[in-house]
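Engineer: Okay, handing you the structure first.
The values are calculated or read from the model by the stated rules, or taken from the named source; none is laboratory data. Everything quoted here is computed from the prediction, not taken from an experiment. Positions of Cβ are generated from backbone atoms using ideal geometry, with glycine treated the same way; all protein chains shown enter the neighbour counts. For accessibility, only protein heavy atoms count, side chains too; no ligands or nucleic acids. Shrake-Rupley method; radii C 1.70, N 1.55, O 1.52, S 1.80 Å.
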Amino acid sequence: TYELDNHVATITLNRPEARNAINGALREDLNAAWNRFRSEEDAWVGILTANGDVFCAGADLTDSAGAVGTFAGTFWEKPTINSFESGMELFKPTIAAVHGPCVGYGLTGLLFCDFIIASTDAVFRFPEVTLGVPTIVGAIRLPQRVGWANAMELLLTGEPMSAQRAKEIGLVWKVVEPDALQETARAWAHTLTQAAPLAQRATKEVAWRSTDMSWIDAVRFGETMRKVAAATEDVAEGLQAWREQR
């Protein structure tokens, strides 16, 4: 489901009867929700969450082809960026509010969120290696987020990791009690909406792209983005808001 309220879009995995396992239908709906969030100008901040006791049980093995999504071309020409979980460029702030087990595809999706807020009962796991299957996108993204050994702890064992341990390694930003999870996520989303949205997106894009740039290239790119943002109405509105103390 997709709900927009006060510039905050809440994207909710809503297949609780199947432990929110990703099948073809849920994959299509999830992709449509992220595409809508990216293109909808009134949506400034996104929250990813789930209904039921399980955040996501991973891929639905009864529909494993559908869970991966639709690709064009031959086997070797499959594009790798066809969804939010595989690295679709999205520079609006994103929050994940996670409870219960978060497995496989579910955990991969979290790695592209800026802030992961977890309830104390959250558990994180990449079980693929125990099934004889390599983890790909998680293996690419996770070491950048938590460091090499911590990433390998999740990727090479397939063992579950508690919310507290996930916070220790930097995967989770905050751990809260289950009954405070949604309220905490919404409060932080509200805080994020107090800033100018285009300036936020430009800042996040600079942070994202500059990791692969030399220092000079990164600064030049950043200063170019500053000029791009300065040409928008956000700057005039921001200065007016400052003058009016709002």
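Engineer: Mind listing the long-range amide H neighbours of Leu13? Cut-off is under 5 Å, sequence gap 5 or more, other chains count too, H placed in the peptide plane at 1.01 Å from N.
Structural biologist: The list, which skips near neighbours in sequence, is Thr49, Ala50, Asn51.
Engineer: Separate question: For the chain, set up a Gaussian network in which alpha carbons nearer than 10 Å are linked by springs, and say which option among Gly109, Gly132, Gly100 fluctuates the most.
Structural biologist: With Cα springs under 10 Å in the chain, the top fluctuation among Gly109, Gly132, Gly100 is at Gly132.
Engineer: May I pose another question? Mind ranking Met161, Met152 by accessible surface for me, highest first, 1.4 Å probe? Spell out each step's value before the answer.
Structural biologist: Numbers: Met161 10, Met152 35 Å².
Of Met161, Met152, the descending order of accessible area is Met152, Met161.
Engineer: Now for a separate question. When a/c is below 1.5 the answer is rounded, else prolate if a/b is larger than b/c, else oblate, so apply that to the stretch 152-225 with a ≥ b ≥ c taken from the square roots of the Cα gyration tensor eigenvalues.
Structural biologist: Details: a/c = 4.46, a/b = 1.37, b/c = 3.25.
It is oblate, given that a/c is not under 1.5 and a/b is not larger than b/c.
Engineer: Same structure again: Any chance you could look up the accessible area of Ser86 with a 1.4 Å probe, heavy atoms only, rounded to 10 Å²?
Structural biologist: Ser86 exposes around 20 Å² with every protein chain in place.
Engineer: State in Å² the accessible area per residue of the stretch 89-165; use a 1.4 Å probe, count heavy atoms of protein chains only, and round to the nearest integer. Present the calculation step by step, with values, prior to reporting the outcome.
Structural biologist: Working: 2970 Å² over 77 residues.
The answer is 39 Å² per residue.
Engineer: Find the centroid of the Cα atoms in the stretch 120-161 and in the stretch 34-69, then give the distance between the two in whole Å.
Structural biologist: Cα centroid of the stretch 120-161 versus Cα centroid of the stretch 34-69: 19 Å apart.
Engineer: For the stretch 108-174, what class follows from the C-alpha gyration tensor (a ≥ b ≥ c being the square roots of its eigenvalues): rounded when a/c is under 1.5, otherwise prolate if a/b is larger than b/c, else oblate? Before the final figure, lay out each step's value.
Structural biologist: Details: a/c = 1.75, a/b = 1.40, b/c = 1.25.
Prolate, because a/c is 1.5 or more and a/b exceeds b/c.
Engineer: Carbon and sulfur atoms: what percent of the 1.4 Å accessible area of the stretch 2-57 do they account for?
Structural biologist: 41 percent
Engineer: Test of understanding: in a Gaussian network model of the chain with alpha carbons linked when under 10 Å, which of Ala33, Ala59, Ala207 would top the mean-square fluctuation ranking?
Structural biologist: So, out of Ala33, Ala59, Ala207, the one fluctuating most is Ala207.
Engineer: Counting only GluC sites (Glu not before Pro) that sit in a DSSP loop (anything but H, G, I, E, B) with at most 12 other Cβ atoms within 10 Å, what is the longest stretch of the chain containing none of them? Display every interim value, and only then the final one.
Structural biologist: Values: sites that count: Glu41, Glu89, Glu244.
It runs 90-243.
Engineer: Which residue, Tyr105, Asn6, Gly238, has the largest displacement toward the positive end of the dipole of the chain when charges sit on each Cβ (Lys, Arg +1; Asp, Glu -1)?
Structural biologist: Gly238
Engineer: Using the crude model of +1 on Lys and Arg Cβ and -1 on Asp and Glu Cβ, and no other charge, please compute the dipole size for the chain relative to its Cα centre, in debye to 20.
Structural biologist: That gives a dipole near 560 debye.
Engineer: Figure the gain on full extension for Thr1 and Asp29 (residue separation times 0.36 nm, minus the Cα-Cα span) and round it to one decimal in nm. Show your work: numbers first, answer last.
Structural biologist: Numbers: separation 28, 0.36 × 28 = 10.08 nm, distance 0.79 nm.
In short, 9.3 nm is gained.
Engineer: Might you report the magnitude of the Cβ-based charge dipole of the stretch 3-136 about its Cα centre, with Lys and Arg at +1 and Asp and Glu at -1, to the nearest 20 debye?
Structural biologist: Values: 8 positive and 17 negative charges, 61 e Å.
Computed about the Cα centre, the dipole is about 300 debye.
Engineer: Leaving ligands, DNA and RNA out of it, work out the accessible area of Val235 with a 1.4 Å probe and give it in Å² to the nearest 10.
Structural biologist: It works out to around 60 Å².
Engineer: Further, regarding this structure: Is the stretch 96-223 rounded, prolate or oblate when judged by the Cα gyration tensor, a ≥ b ≥ c being the square roots of its eigenvalues, rounded requiring a/c under 1.5 and prolate requiring a/b larger than b/c? Could you put the intermediate results ahead of the total?
Structural biologist: Values: a/c = 2.60, a/b = 1.23, b/c = 2.11.
Oblate.
Engineer: If Lys and Arg each add +1 and Asp and Glu each add -1, what is the summed charge of the other residues whose beta carbon sits under 10 Å from the beta carbon of Pro93? Walk me through the intermediate numbers first.
Structural biologist: Details: positive: Lys92, Arg201, Lys204; negative: Asp114.
Neighbourhood net charge equals +2.
Engineer: In whole percent, how big is the carbon plus sulfur part of the accessible area of the stretch 77-121, probe 1.4 Å, protein atoms only? Intermediate results must be reported in sequence, preceding the final value.
Structural biologist: Values: 720 of 1260 Å².
Heavy-atom surface of the stretch 77-121 belonging to carbon and sulfur, 1.4 Å probe: 57 percent.
Engineer: Using 0.36 nm per residue, how much length does the chain from Trp148 to Arg226 gain when fully extended, once their Cα-Cα distance is taken away? Let's see the in-between values first.
Structural biologist: Numbers: separation 78, 0.36 × 78 = 28.08 nm, distance 3.32 nm.
Contour length minus the Cα-Cα distance gives 24.8 nm.
Engineer: For Arg209, Arg27, Arg243, give the ranking by accessible area with the largest first, probe 1.4 Å. Each step should come with its number before you reach the end.
Structural biologist: On the way: Arg209 70, Arg27 10, Arg243 145 Å².
The ranking, largest first, comes out as Arg243, Arg209, Arg27.
Engineer: Would you mind computing the Rg to Rh ratio of the chain from its alpha-carbon coordinates, Kirkwood style for Rh? Please report the intermediate quantities before stating the final value.
Structural biologist: Values: Rg = 18.7 Å, Rh = 19.1 Å.
Result: Rg/Rh = 0.98.
Engineer: Rank these by accessible area, largest first, 1.4 Å probe: His190, His99, His7. Working shown, then result.
Structural biologist: Details: His190 110, His99 25, His7 55 Å².
In descending accessible area the options line up as His190, His7, His99.
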